[in-house]
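Participant: One structure, pasted below without further comment.
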Amino acid sequence: MEWAALIAWVLTAGGGFILLSIWLSRGGMRQGREGGTRIRPPLILSHFLLAATGLVIWIIYLATDSDALAWIAFVMLAVVALLGWTMFAIWWQRRKRGPAAQQEPTSVESDAPAEQRFPVPIVALHGVLAVTTVVLVFLTAIGVGGS
């Protein structure tokens, strides 16, 4: 189960890296200075850094089989998930409003937050893999499927 968790975590990270790359390339770092409902740099960067750190801790757990590290990785992953749900809510609420609600005298394209350019299938896959990862890490931490 611990190896399945690692695979799920790496795949989740891959999707997250794609989304982060899109966000950065579309001016996401400038969103900290703009008004409105947007994913701010501290939120997305914290999500990324905690997820990456948790993944490193999980790899160390796999090498050492330390129960404490499994639980530390799980707690970090729970915080990452909370940040992820927060970003998903921001993305979803803005998306539900649609382009008509966002139209102003200026171009919708130039006004839209960077995260509104995320491909829906990648967001969905990242979310499904993230939930799978959390479940697998938790099951491993409580000892289900251990050798």
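Participant: So residue 38 fits all but one of (1) without any contact (Cβ under 8 Å) to a residue 40 or more places away in the chain; (2) crowded, with 19+ Cβ neighbours inside 10 Å; what number is the exception?
Facilitator: (1)
Participant: What are the pairs, 6+ residues apart or on separate chains, where a residue within the range 11-28 that is farther than 13 Å from residue 84 by Cα and basic (Lys, Arg) has its Cβ under 9 Å from a residue that is open to solvent by less than 50 Å² (accessible area, probe 1.4 Å) and in a helix (DSSP H, G or I)?
Facilitator: From the range 11-28, the pairs are 26/114; 26/115; 26/116.
Participant: Continuing with the same structure: Condition test on residue 14, is it part of a helix (DSSP H, G or I) and small (Gly, Ala, Ser)?
Facilitator: Numbers: part of a helix (DSSP H, G or I): yes; small (Gly, Ala, Ser): yes.
Yes; evaluated as a whole, the condition is true for this residue.
Participant: Against the condition under 17 Å from the mean Cα position of the chain (by Cα), more than 27 Å from residue 93 (Cβ to Cβ) and either exposed (fewer than 13 other Cβ atoms within 10 Å of the Cβ) or at pLDDT below 95 (or both), how does residue 10 come out, does it pass?
Facilitator: no
Participant: Would you check if there is a residue in the range 63-73 being at pLDDT 85 or above and on the phi > 0 side of the Ramachandran plot?
Facilitator: yes
Participant: Using the structure shown, decide if residue 58 is assigned to a helix (DSSP H, G or I), among the hydrophobic types (A, V, I, L, M, F, W, C) and either open to solvent by 60 Å² or more (accessible area, probe 1.4 Å) or closer than 19 Å to residue 122 by Cα (or both).
Facilitator: Numbers: assigned to a helix (DSSP H, G or I): yes; among the hydrophobic types (A, V, I, L, M, F, W, C): yes; either open to solvent by 60 Å² or more (accessible area, probe 1.4 Å) or closer than 19 Å to residue 122 by Cα (or both): no.
Answer is no for this residue.
The values are calculated or read from the model by the stated rules, or taken from the named source; none is laboratory data. Not measured: the values here are computed from a predicted model. Please note: Cβ atoms are built from the backbone with ideal geometry, for glycine as well, and neighbour counts cover all protein chains shown. What goes into the accessible areas is simple: the full protein's heavy atoms, side chains included, and nothing from ligands, DNA or RNA. Shrake-Rupley method; radii C 1.70, N 1.55, O 1.52, S 1.80 Å.
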